[in-house]
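The values are calculated or read from the model by the stated rules, or taken from the named source; none is laboratory data. Computed from a predicted model, the values in this text were never measured in an experiment. All Cβ positions, even for glycine, are placed from backbone atoms using ideal geometry, and neighbour counts span all protein chains on display.
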Amino acid sequence: MAPFFFAAFMFYFAGSLCLTMIPLEADTKICQQKKQVGEKTVGFCTLVTRPMVLLPVLMNIMIQLQLTYLEPVLALRLKQHFKLSLEMNNAFFILLPANYLFGAVLYQVFFQRIQKIDNKVVIITATLCSFVACVCCGPSLTLHMKDDIRLIAFGFGFLGFTGVIIGIPLIAEQNAMTIHYFGEEKAKQLSDLNASIFAASQAFGLIIGPIFGTYANHYYGFRFVSDIMAGITLLSALLYLLFGGGLNAMMSPLVK
């Protein structure tokens, strides 16, 4: 349990630093001038407590969980269960970053040319595809899927592809929701804080992913943990659909 407590300590320590530094920022001459004219300043807590700003942050944590929960254990499973050599094991782990890179290029070439598709539609659709990837990564014990390395390879590679397709529009979504809550002028002032929150959520996901993967695999086994991760992914898509404006985006025509 020690790594869990260490991760929790680091998370709360980082959060405490943020909350300590924000009031110091409010004492600058610019902030004092804004207070004198009655203009409200927006800080870390004000921003992240807005539900539609928080949802992209939580979705970003979920992506990092997906990309890191299987890394500590999958290599051992491939070696022991499927008898892969060290070279083949290393080659196997190229699948995720290679497909991540392919997804990033494809997004710029394809989705940027079809800007009429709502970002929410892209995020929810890619998250549902990511659910399929998690199911195949196990392969799913709940669905009684065959323990086939080809399924694992497909799921592992597809996880990298869907991860970047979800991640890129999340940044735009977070900025759009900031404009929705605080207006365009204030959103420009909050762009650095937005970027910091987004980067911090990535780091948090990267911290808890291997810890979650190692301990959960020890108690429940790799295949069932992949089912748990698939359930978290499906729940994330449902939350975005119901509370992130996804339902309205899906119900309305894809063309804005």
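In region 46-66, which residues are over 17 Å from ALA237 (Cβ atoms) and buried (at least 20 other Cβ atoms within 10 Å of the Cβ)?
Listed by number, the residues that qualify are LEU47, VAL53.
May I ask you to say which residue of THR214, THR142, THR178 is modelled with pLDDT of 85 or more and of a type in the set (Val, Ile, Thr)?
Every option except THR142 fails the conditions.
Return the residue satisfying two criteria in turn: it lies in region 67-100 and is buried (at least 17 other Cβ atoms within 10 Å of the Cβ) and β-branched (Val, Ile, Thr), and of such residues it is nearest to ALA216 (Cα to Cα).
VAL73
Kindly establish whether SER191 is over 30 Å from MET145 (Cα atoms) and under 16 Å from the mean Cα position of the chain (by Cα).
For SER191, the condition - over 30 Å from MET145 (Cα atoms) and under 16 Å from the mean Cα position of the chain (by Cα) - is not met.
Confirm whether ALA216 is touching an Asp or Glu at 6+ places or on another chain (Cβ under 6 Å) and either outside the structural domain of TYR69 (by TED's automatic domain parsing) or among the aliphatic types (A, V, I, L, M) (or both).
no
Based on this model, can you work out whether MET229 counts as part of a helix (DSSP H, G or I), in contact with a Lys or Arg (Cβ under 8 Å, 6 or more places away or on another chain) and of a type in the set (A, V, I, L, M, F, W, C)?
Here the answer is no, as MET229 does not meet what is asked.
Could you look through region 22-60, keep only residues that are among the acidic types (Asp, Glu) and not in a helix (DSSP H, G or I), and pick out the one that is modelled with the lowest pLDDT? Quick ask: steps written out before the conclusion?
So in region 22-60, the residues among the acidic types (Asp, Glu) come out as 25, 27, 39.
When the remaining residues are screened for being not in a helix (DSSP H, G or I), the result is 27, 39.
Numbers: ASP27: 40, GLU39: 52.
Step by step, filter region 22-60, then rank; the result is ASP27.
Which residue is surrounded by the fewest Cβ atoms within 10 Å (Cβ to Cβ), if the candidates are limited to region 141-156 and must be out of contact with any Phe, Trp or Tyr (no Cβ under 9 Å at 6 or more places or on another chain) and of a type outside the set (D, E, K, R)?
Only one residue fits best here, namely HIS144.
Against the definition (part of a helix (DSSP H, G or I), of a type in the set (Lys, Arg) and out of contact with any Asp or Glu (no Cβ under 9 Å at 6 or more places or on another chain)), how does ARG223 come out, yes or no?
no
Name every residue in region 151-165 that is within 9 Å of SER130 (Cα to Cα) and either hydrophobic (A, V, I, L, M, F, W, C) or touching a strand residue (DSSP E or B) at 6+ places or on another chain (Cβ under 6 Å) (or both), in order of residue number.
Selection gives PHE158, LEU159, PHE161.
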